[in-house]
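The values are calculated or read from the model by the stated rules, or taken from the named source; none is laboratory data. Here the structure is a predicted model, which is why all the values come from computation and not from measurement. All Cβ positions, glycine included, derive from the backbone under ideal geometry; neighbour counts span all protein chains shown.
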Amino acid sequence: MKIPIEPALLINNKLVPASDKGTFDLFSPHTGELIAKVPEATPEDVETAVAAAEAAFPSWSSLSPAERGRPLKKMAELVMSEKDELAELDAIAMGRPVSTFFDSFYAATHFNYFSEAAYPQGHTSLNTPGFLNMSLRQPFGVVAIIIPWNAPLVFFSKKVAPAVAAGNCVVLKSSEKAPLTSWKVSQWIEKCGFPPGVINVLSGHGHIAGQALASHMKVRALSFTGSTRTGRAIQIASANSNLKKVVFELGGKGPALIFEDADLEQAAKETENGIMWNSGQTCMANSRIYVQESVKQKFTELFTKLAKARKMGDPTDANTNHGPQADKVQHETVNKYIAIGKEEAGETIDTRGEVNGTSKNKKSLLVHPIIFTDVPETSRIAKEEIFGPVAIINTFATEEEAIKKANDTEFGLYAALYTRDLERAIRVGKKLESGMVGVNCASPTGAWDLPFGGWKGSGTGRESLLDSMDHYLEVKSIYVKVSGIEGIV
Ligand code: NAD
């Protein structure tokens with residue numbers, strides 16, 4: 001791979017620079033090296049891409065579902081055959097260890113599934129005398145997709161595949177922190193057989209190309225995964241422009257409840273992975289762990305031992321399971337919260353210096369796992385999303401107290417609970433204000449055919465193999481007056 005990489009935008013199946021030739025620098029979070037000069041898409045590029053998508057829409061949406069599925073199937077093959085390069089590109093861009101790269105398998109499953117799933121159904125009705133009525137489900141036209149950096153190919157595939165399978169044409173903006181996998185996939189779009197304009201891929205910052213997409217009058221629907229703060233800005237831009245339909249998967253501050261009858265070793269292993277996976281940069285991470293008082297000491301010891309066994313270092317090394325934070329901004333933010341936590345928490349367990357394989361590279365933006373215990377529930381570290389390898393271990397005495405503490409948040413994405421008492425599991429699971437609840441399992445455990453999404457400030461939609469297509473289809477009712485059928489009902 002020639003470094004620095006010089007990626008391009010994909011507009012109308014042409015790989016092009018930004019209209020003003022502007023670029024921004026992308027640095028490796030592990031070595032500090034300049035790894036790419038990435039095009040900064042301008043509002044004019046957004047105009048051109050939206051126009052290309054709009055022009056492609058009539059013929060693309062007229063194809064049969066099977067014809068639209070063919071290029072998706074080819075894409076599924078390519079993301080698998082090129083998985084090592086894709087893993088490497090995310091590792092050098094945002095520090096995600098190649099050992100944790102499941103994204104190609106995830107993407108291939110989504111491209112494959114939606115290549116055969118685009119048979120949306122309306123319904124018919126004879127319930128109005130004298131009418132044969134029907135509802136149709138039709139694509140929106142131009143759909144914008146804005147994705148984050150923590151698993152870019154996952155978000156690319158889970159949104160683009162159902163959107164184009166349903167007959168829409170897409171303008172996707174990748175994250176400025178991890179644009180390389182989206183750029184790589186964009187090089188295969190023509191080769192897979194997508195006509196010009198069906199999928200356009202832009203890189204650049206949110207306040208420029210992202211804002212232009214969110215405000216665009218021709219964009220009729222927008223699917224976004226990212227922070228709650230940005231979701232709010234996009235909601236406002238949508239309201240101030242054309243009230244486009246928006247679907248949001250946003251941030252989290254997930255609780256995990258560990259009852260005294262739980263398998264503590266399993267709970268410690270899975271919740272440690274839940275918060276430390278991807279260096280804590282996961283929306284579903286169980287960043288708040290509540291342990292029943294009688295087992296707090298044992299649980300904390302087990303958890304700490306696991307955190308200390310993390311293999312930190314070069315994300316391109318297959319032995320590493322804990323890479324650096326994504327960039328300097330993330331690194332500074334996490335360290336700022338750690339400093340606040342040291343003031344707020346009753347106790348700080350800092351694994352610095354004890355974790356295996358700590359990189360000698362002084363430029364690496366690594367952050368050691370940190371565990372805070374006895375944290376006031378009103379403190380900033382208990383309330384705000386840190387997005388780093390920072391776990392809070394607090395206690396509860398009763399089931400009621402555990403539920404109250406778990407729900408005392410504006411987020412509601414993923415909650416976990418550990419107990420051997422099945423009735424308690426169902427009772428507590430029902431009361432948790434959360435889009436997803438793991439019983440005797442923790443994030444990232446999920447199921448691809450169950451709705452993924454959050455309550456409260458964590459989102460407004462649900463995505464899955466079975467749910468996602470709905471976001472990309474408008475519904476129309478057609479009332480057909482027919483003389484002579486009055487007596488049928
Ligand atoms: P972010 O909100 O900073 O950025 C996400 C995307 O939005 C990027 O492409 C960015 O360029 C763009 N953007 C920024 N400002 C914009 C604006 N004003 N208008 C339009 N677009 C704009 O989030 P991030 O730092 O990339 O990702 C981390 C966040 O994403 C965390 O809060 C995490 O919890 C959340 N997340 C949620 C899920 C989920 O499924 N619920 C999954 C992954 C990440």
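In the range 94-148, which residues are out of contact with any helix residue (DSSP H, G or I) (no Cβ under 6 Å at 6 or more places or on another chain) and under 29 Å from Met276 (Cα atoms)?
Result: Met94, Gly95, Pro97, Ser99, Thr100, Phe102, Phe105, Thr109, Pro148.
When Ile92 is evaluated against the numbered criteria (1) in contact (Cβ under 8 Å) with a residue 40 or more places away in the chain; (2) touching a Lys or Arg at 6+ places or on another chain (Cβ under 7 Å), which criterion, by number, is the only one it fails?
(2)
Is at least one residue of the range 237-245 near the ligand (Cβ under 9 Å from one of its atoms), crowded, with 18+ Cβ neighbours inside 10 Å and within 16 Å of the chain's Cα centre (by Cα)?
Within the range 237-245 (the criterion being near the ligand (Cβ under 9 Å from one of its atoms), crowded, with 18+ Cβ neighbours inside 10 Å and within 16 Å of the chain's Cα centre (by Cα)), the answer is no, since none of the residues qualifies.
If we keep just the residues of the range 445-461 that are crowded, with 19+ Cβ neighbours inside 10 Å and modelled with pLDDT of 95 or more, which is nearest to Ser223 (Cα to Cα)?
Gly459
Tally time: how many residues in the range 425-438 are within 21 Å of Ser294 (Cβ to Cβ) and buried (at least 17 other Cβ atoms within 10 Å of the Cβ)?
2
Does any residue of the range 122-145 turn out to be among the aliphatic types (A, V, I, L, M), in a helix (DSSP H, G or I) and within 18 Å of the chain's Cα centre (by Cα)?
No, the conditions are met nowhere in the range 122-145.
Consider Thr124 carefully, then state whether it is among the β-branched types (Val, Ile, Thr) and either surrounded by 17 or more Cβ atoms within 10 Å (Cβ to Cβ) or in contact with a Gly (Cβ under 8 Å, 6 or more places away or on another chain) (or both).
no
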